[in-house]
Amino acid sequence: MVQLIGIAAVWLVAWKVNAWVSASGNSRISRWLPPVLFGVTVLVVWELAVRVYDISPVLLPAPSAIRVALVENTAVLWEDVVQTFFRGALSGYAIGCGSAFLVGILVDRVPFLKRGLLPVGNFVAALPIIGMAPIMVMWFGFDWQSKAAIVVLMCFFPMLVNTVQGLAATDHMQRDLMRTYASGYWQTLVKLRLPAAMPFVFNGLKICTTLALIGAIVAEFFGSPTKGMGFRISTEVGRLALDMVWAEITVAALVGSGFYGLVALLEKRVTFWHPSHRH
Amino acid sequence: MSDAAVPLRSRIWAGQVIPVVVVVAAIIAIWYAGAVWLNAPWALDQAGRDEVELSATELVADTWSQERPVLPAPHQVVQDLWKSTIGTRITSKRSLFRHAWITLSATLAGFALGSGLGILLAVGIVHDRTMNASVMPWVIASQTIPILAIAPMIIVVLNSIGISGLLPKAIISMYLSFFPVVVGMVKGLRSPNKMLLDQMHTWNASRSQTFWRLRLPSAVPYLFTSLKIGVAASLVGAIIGELPTGAVAGLGARMLSGSYYGQTVQIWSALVMAAILAAALVALVGVAERATLRVMGGR
């Protein structure tokens, strides 16, 4: 009982500090400090709860134990990242998004395809495409090629729909202006419509970063060589080495956020003119 | 210009039905062609061993009727789907209806939990400054984390403390459907502009009155959009949640056991069943959306 009150007190104090920080003005600090404080509080309460109640590491390892696993297994974890992220997810992401972008431009050129393919694309985007993973593993083998293939499938339709929507984002006035400049299809495309489509294109690219990593990891549950994040997670779960599983999850979270952040940064550079990036 | 003035041919051409039908027909045609292309090596190999020459029509017929094809032809999948749903008793272990129901129940439980939790959290975030400042960034950051990767761990940990069956899968579904709902709902609850909020102020409305009469109604369209994303995501969660338990029951288990034993037709029919479920669930949310908006005096 005493321990519970202690843990609750830590939580409450941290919350009060947080409330005070977030209420104190609108400076830079009061924007990034609260989430950091919140994260640290969660970690501290987690650590305390595990120690005080002596929770078995098979159920929930303490953050300190996860850190130890992270530091001790850096080489293995890096190998997994290379296998799953750089080989599987990234190549699939490039192929899937690239081909969807090109097909999107083609679809935009042919109105018939646009009317036919867009509803189908929207429908497919809601389907559990990840279920195709076992089939891809059968077709392309256990190594990263099958992971790249499922990532291509998962990224294709969200990217296609966003590209086509983006290419429709210019209004009549702007296109008419281009026509008065006597610019042809390609000039209009390159100088007006593609730049205008960029916010939509980057929206698709950002959605696909998460899908790519999920696809590559889940496909490894259906078969993989003896490395890779999905393989490591499923085998370490089987051995009940949960600290290693959490270490892998931490790495996956870092890689996922890093990838997303990189794309978001690129978006800021490319679409600096968009209202959501101007201050 | 009246409708009759437009020639019938161009009206059909301009509609949406014909293009969609053409695209779907093209996909099916490509599927059949792909089945021939991918299954031909095995058929030729088999014929080579029996030392018979296959004519072109025989080859095509063979590639569309193999027992374990690399890519089953659409009609094989439909046949298997028919056999394992209508043609099998619902209590049988082979009944696809039974497996679909197991997945569906986990999906619905997870979806209900996830959207309930998501709405509550969104209300908290909108009304409490601290929660907005400290929790919201984590909600957004968590979208970039491949949350499905922890599915096996959740299943195993919950199993070891004696929780098994529907609940672990529902928790994974909950995790997946919860984020779109929070983000959409926060956006929706914040959608009333300054003018509307000021109007509520001039009427001396309390916080709860502003919430019930202004914020909540204006959040409804946003809510339904994110519920559609959420329900599709929670089906994915339930399917993935069935993988690590060792392929006992459910659509995910059918896929896994199919991939163990090379039963490609079985994988495809489970996949089609999952697609039908997903489409039906999204459509159902769409119907609820239209009904709700009509009751609210629809726009």
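From the largest down, chain B spans 90, 71, 36 angstrom on the principal axes of its Cα atoms.
Among B:N159, B:A280, B:S173, which residue has its Cα furthest toward the positive end of the charge dipole of the range B:96-295, with +1 on Lys/Arg Cβ and -1 on Asp/Glu Cβ? Toward the positive end, the furthest listed residue is B:A280. Rounded, prolate or oblate for the range A:2-55? Axes are the square roots of the Cα gyration tensor eigenvalues, ordered a ≥ b ≥ c, and the cut-off for rounded is a/c under 1.5. It comes out oblate by the Cα gyration axes. Quick one: check the C-alpha center-to-center distance for the range A:41-101 versus the range A:208-240, whole angstrom. Value for the Cα centre distance between the two parts: 11 Å.
Taking the protein heavy atoms of chain A in the context of the full set of protein chains, the accessible area attributed to carbon and sulfur is 71 percent at 1.4 Å. For the range B:96-295, the solvent-accessible area works out to 43 Å² per residue, with a probe of 1.4 Å and every protein chain left in place. Relative contact order of chain A: 22 percent, from C-alpha pairs under 8 Å at least 6 residues apart in sequence. For the range A:46-145, just say rounded, prolate or oblate: build the C-alpha gyration tensor, square-root its eigenvalues into a ≥ b ≥ c, call rounded for a/c under 1.5, and beyond that prolate if a/b exceeds b/c, oblate if not. Judged from the Cα gyration tensor, the range A:46-145 comes out prolate (a/c at least 1.5, a/b above b/c). Helix content alone sets the calculated 222 nm mean residue ellipticity of chain B: runs of n ≥ 4 DSSP H residues at -39500 (n - 2.57) each, divided across all residues, give -24500 deg cm²/dmol. Burial of accessible area (probe 1.4 Å, heavy atoms of protein chains only) in the range A:217-242, relative to its chain alone, reaches at least 40 Å² for A:F221, A:F222, A:V237.
Cross-linked pairs A:K206/A:K268; A:K147/A:K268; B:K187/B:K228: Cα-Cα separations exceed 20 Å for A:K147/A:K268. With a 1.4 angstrom probe, the accessible area lost at the B-A interface totals about 4300 Å². Of the residues A:G223, B:G114, A:T235, the one whose Cα sits farthest toward the positive end of the charge dipole of the protein assembly as shown, with +1 on the Cβ of Lys and Arg and -1 on the Cβ of Asp and Glu, is B:G114. By the gyration tensor of its Cα atoms, with a ≥ b ≥ c the square roots of the eigenvalues, what is the shape of the protein assembly as shown: rounded for a/c under 1.5, prolate for a/b over b/c, or oblate? In terms of gyration-tensor shape, oblate. Ranking A:V13, A:L59, A:F112 by how far each Cα lies toward the positive end of the dipole of chain A (charges on Cβ) leaves A:F112 at the top. Using Cβ point charges alone (K and R +1, D and E -1), the dipole size of chain B about the Cα centre works out to roughly 1580 debye. At the listed q of 0.10 Å⁻¹, the Debye profile of chain A, built from one uniform point per Cα, gives log10 I(q)/I(0) equal to -0.73. Just the protein heavy atoms count here, and of the accessible area of chain B at 1.4 Å, carbon and sulfur take up 66 percent. Accessible surface for A:E47 stands near 40 Å², nearest 10, in the context of the full protein assembly shown (1.4 Å probe). Across chain A, the longest piece that holds none of the trypsin sites (Lys or Arg not before Pro) lying in DSSP loops with up to 12 other C-beta atoms within 10 Å covers A:29-238. Solvent-accessible area per residue in the range A:1-74 equals 66 Å², computed with a 1.4 angstrom probe and all protein chains kept. The mean number of partner chain beta-carbon atoms within 10 angstrom of a residue's beta-carbon across peptide A:200-212 is 1. Remark: chain A carries a charge dipole of roughly 1080 debye about the Cα centre, counting +1 on each Lys and Arg Cβ and -1 on each Asp and Glu Cβ.
The values are calculated or read from the model by the stated rules, or taken from the named source; none is laboratory data. Just so it is clear, the structure is predicted and the values come from calculations on it, not from any experiment. A quick note on method: Cβ atoms are made from the backbone with ideal geometry, for glycine too, and the neighbour counts reach across all protein chains shown. Note: accessible area is taken over every heavy atom of the protein model, side chains too, but ligands, DNA and RNA are not part of it. Shrake-Rupley method; radii C 1.70, N 1.55, O 1.52, S 1.80 Å.
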